[in-house]
1. Just give me the residues in segment 250-285 being surrounded by fewer than 20 Cβ atoms within 10 Å (Cβ to Cβ) and either assigned to a loop (DSSP other than H, G, I, E, B) or modelled with pLDDT under 95 (or both), in sequence order.
2. Which of the numbered conditions does residue 319 fail, given that it passes all the others? Conditions: (1) in contact (Cβ under 8 Å) with a residue 60 or more places away in the chain; (2) under 13 Å from the mean Cα position of the chain (by Cα); (3) closer than 26 Å to residue 186 by Cβ; (4) in a strand (DSSP E or B).
3. Say we look at segment 21-45 and pick out the residues that are assigned by TED's automatic domain parsing to the domain that holds residue 213 and modelled with pLDDT under 95; which of these is surrounded by the most Cβ atoms within 10 Å (Cβ to Cβ)?
4. Can you find a residue that is free of Cβ contacts under 8 Å to residues at least 60 places away in the same chain, in a loop (DSSP other than H, G, I, E, B) and surrounded by fewer than 17 Cβ atoms within 10 Å (Cβ to Cβ) anywhere in segment 440-453?
5. Could you go through segment 488-510 and let me know if any residue there is closer than 16 Å to residue 265 by Cα, part of a loop (DSSP other than H, G, I, E, B) and either in contact with a helix residue (DSSP H, G or I) (Cβ under 6 Å, 6 or more places away or on another chain) or not assigned by TED's automatic domain parsing to the domain that holds residue 204 (or both).
6. Within segment 256-267, is there a residue that is in contact with a strand residue (DSSP E or B) (Cβ under 6 Å, 6 or more places away or on another chain) and free of Cβ contacts under 8 Å to residues at least 24 places away in the same chain?
7. Hey, could you check segment 175-220 for residues that are touching a helix residue (DSSP H, G or I) at 6+ places or on another chain (Cβ under 7 Å) and within 29 Å of residue 100 (Cα to Cα) and say which is surrounded by the fewest Cβ atoms within 10 Å (Cβ to Cβ)?
């Protein structure tokens with residue numbers, strides 16, 4: 001073979017293997033950014049990375065994302081691909097629950113400091129990060145939200161408590177954002193009426209009241225939508241609700257379709273304490289926190305969902321298949337839609353180079369972020385092989401690394417990169433490269449890769465090259481695509497029994513053959529089934545998320561690696 005021709009073929013092969021770097025049309029939660037390692041538990045030897053409470057602002061047609069305790073922030077041109085910025089001058093190093101706002105060609109920034117004191121920072125060059133501080137000092141503002149209305153009036157909202165309400169107050173911009181006027185109490189949680197506001201995993205804690213936090217105000221069509229997180233950031237049911245008003249300080253009315261952003265089931269749970277930003281094609285997007293909560297309760301990741309408004313003025317979202325691939329914000333006509341790529345790897349046979357303790361390779365395919373595979377060593381001899389059992393069309397892969405005694409703290413300059421390759425095979429003998437990270441210098445804790453060309457494969461093999469932490473641990477390797485078998489039939493014997501406590505409903509159905517799991521949908525009207533809960537391998541769900549004085553409609557669908565069944569007929573209003 002001509003050597004020049006061979007070189008060109010190899011070059012094209014490498015380019016195709018790395019095409020996902022710039023050509024991905026989809027994204028997959030949790031989003032893949034280089035989350036900062038915490039320094040707050042370093043003295044106890046607890047090493048974990050986290051990202052939470054995202055505040056995203058559009059500035060000069062691009063986007064900046066500020067995240068709790070991150071020692072900097074991220075920049076994006078499309079809301080999908082993010083790059084970290086280490087600012088030149090940064091007063092808080094990124095404390096708790098930040099807020100940001102675009103005003104008069106500057107980015108304004110404020111954060112919740114544990115001491116309760118803060119000032120507003122501003123810059124006209126966030127890429128450089130030369131921040132200046134206003135002279136005004138604000139006190140006792142946990143989880144602040146800065147909002148400037150179309151008429152120029154500025155407001156500060158705040159609150160993080162299971163006792164006190166969210167509050168708001170006007171600010172005087174002409175005097176350095178000095179607070180003026182009286183503080184207005186807006187609203188507080190009412191778990192006795194709103195089931196989803198109850199504390200605990202699956203809203204099951206009967207002792208503690210839920211926490212309300214993370215105010216974020218969005219104005220749309222002359223209505224004000226105050227978003228708030230509840231009932232606790234470490235739980236699967238952490239979500240964002242909405243109250244609506246005709247003016248920033250209220251009075252506010254509870255949205256009947258709450259919680260608006262809610263993802264209690266699936267691989268990684270939670271969609272609370274977030275922000276809503278106007279993105280590409282003037283469509284709204286909601287960034288929020290997801291719970292990992294293994295090393296500590298506050299170990300979290302960030303997710304992204306479309307934010308929509310219906311004909312009746314209700315804010316809503318779609319979190320169905322919320323941690324499967326969806327079309328990215330910049331993909332016109334499809335943005336936010338489910339790509340239709342199913343999970344091919346769920347509970348499939350796995351073998352590996354070896355493992356330590358109880359952390360077996362089967363944990364890689366169990367759709368549980370709180371379990372993981374721990375390799376025998378952290379070197380380039382470690383590998384994993386997943387048998388999909390049947391040839392399938394593979395479209396994307398997500399590798400979710402886990403921090404097991406990682407011994408990393410803060411942001412590390414240099415050395416924080418992941419290198420690996422993923423190969424596919426139809427016979428287990430002849431392998432084709434699918435993902436090439438051999439020369440990567442990127443920190444990729446939740447690496448999602450859309451293949452440049454979909455490939456038919458039965459076997460998927462991960463081969464480690466370099467992992468930056470003490471141990472090589474992976475929670476899940478998730479393979480997405482389309483199987484070549486049949487989708488499940490429609491679910492039978494679907495029943496919903498609203499309990500004596502109307503916040504609860506016992507939902508049951510007949511377990512299907514040839515099925516991985518189910519999506520249960522509910523909503524306040526036949527055309528408003530905005531909420532959903534994904535479950536695997538079950539035939540019941542005790543739903544504790546309902547409003548006492550609200551009627552609901554329900555439906556269910558089944559899914560497997562080949563597709564999704566038809567939904568059942570809607571129940572009558574319950």
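1. Result: 250, 251, 256, 283.
2. Residue 319 satisfies every listed condition except (4).
3. 38
4. So far as segment 440-453 goes, yes, one or more of its residues are free of Cβ contacts under 8 Å to residues at least 60 places away in the same chain, in a loop (DSSP other than H, G, I, E, B) and surrounded by fewer than 17 Cβ atoms within 10 Å (Cβ to Cβ).
5. Scanning segment 488-510 turns up no residue that is closer than 16 Å to residue 265 by Cα, part of a loop (DSSP other than H, G, I, E, B) and either in contact with a helix residue (DSSP H, G or I) (Cβ under 6 Å, 6 or more places away or on another chain) or not assigned by TED's automatic domain parsing to the domain that holds residue 204 (or both).
6. No, the conditions are met nowhere in segment 256-267.
7. 190
Residue-wise test of (1) under 20 Å from residue 267 (Cβ atoms); (2) buried (at least 21 other Cβ atoms within 10 Å of the Cβ); (3) touching a helix residue (DSSP H, G or I) at 6+ places or on another chain (Cβ under 6 Å); (4) assigned by TED's automatic domain parsing to the domain that holds residue 43.
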{"position": "348", "(1), (2), (3), (4)": "yes, no, yes, no"}
{"position": "357", "(1), (2), (3), (4)": "no, no, no, no"}
{"position": "362", "(1), (2), (3), (4)": "yes, no, no, no"}
{"position": "367", "(1), (2), (3), (4)": "yes, yes, no, no"}
{"position": "394", "(1), (2), (3), (4)": "yes, yes, no, no"}
{"position": "412", "(1), (2), (3), (4)": "no, no, no, no"}
{"position": "419", "(1), (2), (3), (4)": "no, no, no, no"}
{"position": "433", "(1), (2), (3), (4)": "no, no, yes, no"}
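The values are calculated or read from the model by the stated rules, or taken from the named source; none is laboratory data. This structure is a prediction, so every number in the text was calculated from the model and none was measured. As a convention, Cβ positions derive from the backbone with ideal geometry for all residues, glycine included, and neighbour counts pool all protein chains shown.
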